[in-house]
1. Only one residue in 98, 89, 66 is in contact with a strand residue (DSSP E or B) (Cβ under 6 Å, 6 or more places away or on another chain), surrounded by fewer than 21 Cβ atoms within 10 Å (Cβ to Cβ) and either modelled with pLDDT of 95 or more or within 23 Å of residue 18 (Cβ to Cβ) (or both), so which one is that?
2. Please count how many residues of the stretch 314-330 are assigned to a loop (DSSP other than H, G, I, E, B) and more than 13 Å from residue 267 (Cβ to Cβ).
3. Examine the stretch 248-270 for a residue that is among the aliphatic types (A, V, I, L, M), without any contact (Cβ under 8 Å) to a residue 12 or more places away in the chain, farther than 27 Å from residue 151 by Cβ and not in a helix (DSSP H, G or I), and state whether such a residue exists.
4. Going through 232, 210, 224, 167 one at a time, which residue ends up being part of a loop (DSSP other than H, G, I, E, B) and either without any contact (Cβ under 8 Å) to a residue 60 or more places away in the chain or under 25 Å from residue 94 (Cβ atoms) (or both)?
5. Which of the residues spanning the stretch 183-207 are in contact with a strand residue (DSSP E or B) (Cβ under 8 Å, 6 or more places away or on another chain), touching a residue at least 24 places away in the same chain (Cβ under 8 Å) and small (Gly, Ala, Ser)?
6. Mind listing whichever residues of the stretch 286-306 are hydrophobic (A, V, I, L, M, F, W, C), closer than 17 Å to residue 264 by Cβ and not in a helix (DSSP H, G or I)?
7. Do any residues in the stretch 331-355 that are assigned to a helix (DSSP H, G or I) have Cβ atoms under 9 Å from those of residues that are at pLDDT below 95 and exposed (fewer than 14 other Cβ atoms within 10 Å of the Cβ), where the two are at least six apart or on different chains, and which pairs are they?
8. Whether any residue in the stretch 233-240 is at pLDDT 95 or above and either small (Gly, Ala, Ser) or farther than 19 Å from residue 275 by Cβ (or both) is what I want to check.
Amino acid sequence: MREVVVLGVGMTQFGRFPEKVPQKIGAEAVVEALKDAGIKWRQIPMMYCTHSSGGNTDGQLIEAELGHIGIPIVNVANACAGGSTSVLLAYQAVATGLYDLIMTVGVDQAPYGPLGGAFPPDPLTVMGVSNMLAKYAMKMQRAIYEKRYTLDQMAWCSVKNHNNGCLNPRAQYKIPMKGPEAVHNSRMVADPMTLYHCCPTGDGAAAAILCTQKVARKYSRGPLIKIVGGALTSQIFIRGELADTRDVSVRAAKQAYEITGIEPKDVDMVELHDNFTVSELEHIVDLQLCEEDEVGPLMERGHFNLNGPLPVNPSGGLIAKGHPASATGVAQIAEFVWQMRGQAGQRQLKSPKIGLSHLCGGDEGMATTVIITKR
């Protein structure tokens, strides 16, 4: 297996852009990644494109925006894990010698309202049982009942991520918060979940160019940021367990650590799937970064803040940066590249060397990725 370098990254502003079509949003991210890498569009030999809300061939439509070069383009769908799945596929293509250089791009333009709202309703959805918001509200209730986390501890996650988002010029929301009261006092969605416990949907794109170390040295004299490996797992179906988001993450993390030789104690920064605040607390544990009885108190004490021992979601995460679903996985890699180059501006961490990214996609039939990036 060859070493794989992230040569260039690009990302649009995340937000709402109804005046644009997805392929134009995607093209913006591609152009920025090409500029960052110092190469031309015609030098790209192959591309993976992931999207959830567009057509079947959004990758080809992005190519049309940039100028037809006739390259093979594979369109990838894995819900919220689609972007990170495309990064893993690109990594494998370079690592195994299939390509020396490859592009991956994630783009989405989500409808207003909760994810899945456009799907045909079934009886469970109509009753509110199968609705994503209701499910995670029930997960929050269960966590409180089992005394795993308090509502304040979950709210501190939102406070942290919103304050991080204020330092990210590309974030969808920049809402400064002093404490959990701002979260508690936001609009009720599904008891005990208020608005600021949730990530938004939105529009945006991110792109990354991966290559061999030999190719990277032709275009870059800076530090080489490498993807050292990762894992993609799928949910094991258990009757009655509609959305076991934990086991699938535990297995993905275990595989990623085994593949890369990286241990949880080696990780300097984390970008993970905080679709709701309860998810961040659970996934920190799933990724073996601390124990279940430690995560709540650590969140309250600022352990996962920008200036803490283990920053989690320095970009603002899904909660503040936004979540154009298929773009998120590629945007996580872009955040790590900027952090490791020292280009993260006001949210810059102190000399991070190893980043772990994590995403879950889907509901019944979940896909989960863990990718480890290293300077």
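1. Numbers: 98 fails: in contact with a strand residue (DSSP E or B) (Cβ under 6 Å, 6 or more places away or on another chain); 66 fails: in contact with a strand residue (DSSP E or B) (Cβ under 6 Å, 6 or more places away or on another chain).
Going through 98, 89, 66 in turn, the sole match is 89.
2. We begin by selecting, within the stretch 314-330, every residue assigned to a loop (DSSP other than H, G, I, E, B); these are 314-316, 322-324.
Subset that is more than 13 Å from residue 267 (Cβ to Cβ): 315-316, 322-324.
Matching residues across the stretch 314-330 total 5.
3. no
4. 224
5. Passing the criteria: 202, 204, 205, 206, 207.
6. 287, 289, 290, 304
7. Listed pairs, sorted by first residue: 340/223; 340/351; 341/222; 341/223.
8. So in the stretch 233-240, the residues at pLDDT 95 or above come out as 233.
Then keep just the ones that are either small (Gly, Ala, Ser) or farther than 19 Å from residue 275 by Cβ (or both); that gives none.
Taking every residue of the stretch 233-240 in turn, none turns out to be at pLDDT 95 or above and either small (Gly, Ala, Ser) or farther than 19 Å from residue 275 by Cβ (or both).
The values are calculated or read from the model by the stated rules, or taken from the named source; none is laboratory data. Since we're looking at a predicted model, the values are computed, not measured. All Cβ positions, even for glycine, are placed from backbone atoms using ideal geometry, and neighbour counts span all protein chains on display.
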